[in-house]
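First comes the structure, then the notes that go with it.
Nothing in this text is a laboratory measurement; each read-out follows from the coordinates by a stated rule. These numbers come from a predicted model, not from an experiment. Here Cβ is always computed from backbone atoms with ideal geometry, including for glycine, and neighbour counts include all displayed protein chains.
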Amino acid sequence: MALTLLGGTDRTTRRGTGRRLIADPDLFFPISQSGPASAQMARAKAICARCMVQDDCLRYALAADPVHGVWGGMSEEERRRLRRREQKARARAAERSSLAAAGRKPYEVAT
């Protein structure tokens with residue numbers, strides 16, 4: 001069953017609705033990430049790629065983890081990997097900051 005996009009012209013009316021309303025909502029919630037479900041995820045991601053609220057949708061999914069399905073053009077696994085990369089980058093930045101505050105370079109060993 002295909003749905004139609006809700007009316008409204010300002011961003012607040014459309015916020016949170018995105019393209020999910022023009023496709024079968026089940027498309028965005030595959031039962032697995034392999035086999036036929038991978039084609040389903042690809043179709044959902046293609047819809048996300050054309051959606052005006054893709055970034056908002058992804059931010060929501062990252063903040064509300066765990067969220068099942070394709071949100072903001074990313075699968076659950078892709079969001080997990082993104083979150084891990086961001087956590088590692090923050091940890092490296094914090095380490096560099098603390099080393100700089102101590103007047104040391106990252107490759108120096110404390111004596």
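Contour minus end-to-end for D55 and K88, with contour as 0.36 nm per residue of separation and end-to-end as the Cα-Cα distance?
Residue separation times 0.36 nm, minus the Cα-Cα distance, leaves 9.7 nm.
Length gain on complete extension for the stretch E77 to I31, per 0.36 nm per residue less the alpha carbon to alpha carbon distance?
Gain on stretching E77 to I31: 15.2 nm.
Which value in nm describes the separation of the simple spin-label points at H68 and A100, placed 7 Å from the Cα toward the beta carbon?
Result: 4.4 nm between the two label points.
Please get the size of the charge dipole for the range 11-101, origin at its Cα centre, with Cβ charges of +1 on Lys and Arg and -1 on Asp and Glu, quoted in debye to the nearest 20.
In debye, rounded to 20, the range 11-101 gives about 360.
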